[in-house]
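To start, the structure under review is shown below, and the notes come after it.
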Amino acid sequence: MAPTVFSGRPRGGPTHSRVLIPPSDAGWSGVAMMEWELTAQEWSDEHPHDEFNYVLEGTLMVSCDGETVEVPAGSVVQVPAGSRGRYWAPEHARMLAVYGPNPNAEPSTIVGLRSLGT
């Protein structure tokens, strides 16, 4: 089987992000991947699948199930399936997110984005 190449495309929405491996509307047994960043912002969501974020630059704060961790560049954080994740960067953070699998195409809940300090 030949290798598959995915070309990143900008994703519409409130955060600066780029989809690298898009999820399938019909569900998927592999992973979806995107690059995204926050600058003095907070993002919250809940997924029916695991979410892993590798911090490429800066420091990301993550809160889930009553626990908060600081994730420096070069580290990975996991938010388990079914948990609401709250992500924030007091200054700036750029991440590579890996999601999945989601074989039944269960929907995610997007809580939203807000600027810090407002």
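Read-outs throughout are calculated quantities, based only on the coordinates presented, and are distinct from any laboratory measurement. Since the model is a prediction, treat every value here as computed from it, not as a measurement. We place every Cβ from the backbone using ideal geometry, glycine too, and count neighbours over all the protein chains shown.
Springs between Cα atoms under 10 Å define the GNM used for the chain, and in it the highest mean-square fluctuation of Glu35, Glu67, Glu57 occurs at Glu67.
Quick check for you: which residues of the range 103-118 have the amide N under 17 Å from the point 7 Å beyond the Cα of Thr68 toward its beta carbon? Output list for this probe position: 114-118. On the principal axes of its alpha-carbon atoms, the range 55-116 has extents of 36, 23, 20 Å, going from largest to smallest. Its Cα gyration tensor gives the chain an equivalent ellipsoid, and the semi-axes of that ellipsoid, as √(5λ) in whole Å with the largest first, are 23, 16, 14. Mind grabbing the base-10 log of I(q)/I(0) for the range 29-80 at q = 0.16 Å⁻¹? Debye formula, identical points on the C-alpha positions, no solvent, two decimal places. Each listed q corresponds, in turn, to -0.49.
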